[in-house]
1. Give me the residue from segment 28-40 that is modelled with pLDDT of 90 or more and of a type outside the set (K, R) and, out of that set, least open to solvent (accessible area, probe 1.4 Å).
2. What number of residues in segment 31-76 are small (G, A, S) and touching a Ser or Thr at 6+ places or on another chain (Cβ under 8 Å)?
3. List the pairs whose first member sits in segment 76-89 and is assigned to a helix (DSSP H, G or I) and of a type in the set (A, V, I, L, M, F, W, C), whose second member is modelled with pLDDT under 95 and open to solvent by 70 Å² or more (accessible area, probe 1.4 Å), and whose Cβ atoms are under 9 Å apart, counting only residues at least 6 apart or on separate chains?
4. How do the pairs read when you match residues in segment 1-14 that are more than 11 Å from A56 (Cα to Cα) with residues anywhere that are modelled with pLDDT of 85 or more and open to solvent by 90 Å² or more (accessible area, probe 1.4 Å), using Cβ under 8 Å and keeping only pairs 6 or more apart or on different chains?
5. Is it the case that L17 is at pLDDT 90 or above and part of a helix (DSSP H, G or I)?
6. Take the residues of segment 41-65 that are open to solvent by 90 Å² or more (accessible area, probe 1.4 Å) and more than 20 Å from the chain's Cα centre (by Cα): which is modelled with the lowest pLDDT?
7. Any chance segment 94-109 includes a residue that's among the β-branched types (V, I, T), within 30 Å of V6 (Cα to Cα) and either modelled with pLDDT under 90 or not in a loop (DSSP other than H, G, I, E, B) (or both)?
8. Select from segment 14-30 the residues that are farther than 12 Å from A44 by Cα and of a type in the set (A, V, I, L, M) and list them in ascending order.
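The values are calculated or read from the model by the stated rules, or taken from the named source; none is laboratory data. Computed from a prediction, not measured in an experiment: that's the story for all the values here. FYI the Cβ positions are ideal-geometry reconstructions off the backbone, even for glycines, and counts take in every protein chain you see. What goes into the accessible areas is simple: the full protein's heavy atoms, side chains included, and nothing from ligands, DNA or RNA. Shrake-Rupley method; radii C 1.70, N 1.55, O 1.52, S 1.80 Å.
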Amino acid sequence: GGSAAVLAVDPTDREELVEEGRLVVVTNQYDELCALHKLGGLPAHQETVSEAVRLAAALAPSRLSAVQAAMARHAEEMAARAVVLAKTGRLPQRQAAGGATTVEAGGGGSVGGQRRGRGR
C-alpha cells in the first residue's frame, strides 16, 4: 500500500530535498481559490488537494496580516529615510547584521536605484 501524503507549508530547503511532488495553492482573503499548480512527482489524490486548499484558506488571513504589517513597517522606514535625505542630502547609515555599517548610495542598477557598500 501507499503511505499518507504529508503536507508541508512553506517547506524548508531540507524538506524540499525529499519531496516527491509539489502542490502550490494560492487563496485570497475572501477564501477564493486563485491558483492551483501541481509540479511533477506523485499523483495528487482528491482528498490531499482538498486538504491543501482548506489549509491554504485557513492560513491566508494570518499571512496577509504579516505581509501588510511588513509593508507598513517598510513604508515608515522609507518615509523616515526620505526626511533625512531631504534635510541632509545624504541617506542615513544603517547598522547591518554583525555590526557592520552600511551606507546607501544612489544610482547603479540595483532594485530601487540603490546599492549597498561598506562605510569607510
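1. Here the residue is A35.
2. Of the residues in that region, 3 qualify.
3. Here the result reads V84/R90, each pair linking segment 76-89 to a residue that is modelled with pLDDT under 95 and open to solvent by 70 Å² or more (accessible area, probe 1.4 Å).
4. Here the result reads A5/H45, each pair linking segment 1-14 to a residue that is modelled with pLDDT of 85 or more and open to solvent by 90 Å² or more (accessible area, probe 1.4 Å).
5. yes
6. Only one residue tops the list, namely L42.
7. Scanning segment 94-109, I find no residue that is among the β-branched types (V, I, T), within 30 Å of V6 (Cα to Cα) and either modelled with pLDDT under 90 or not in a loop (DSSP other than H, G, I, E, B) (or both), so the answer is no.
8. Step one: filter segment 14-30 for residues farther than 12 Å from A44 by Cα, giving 14-19, 25-30.
Those that are farther than 12 Å from A44 by Cα and of a type in the set (A, V, I, L, M): L17, V18, V25, V26.
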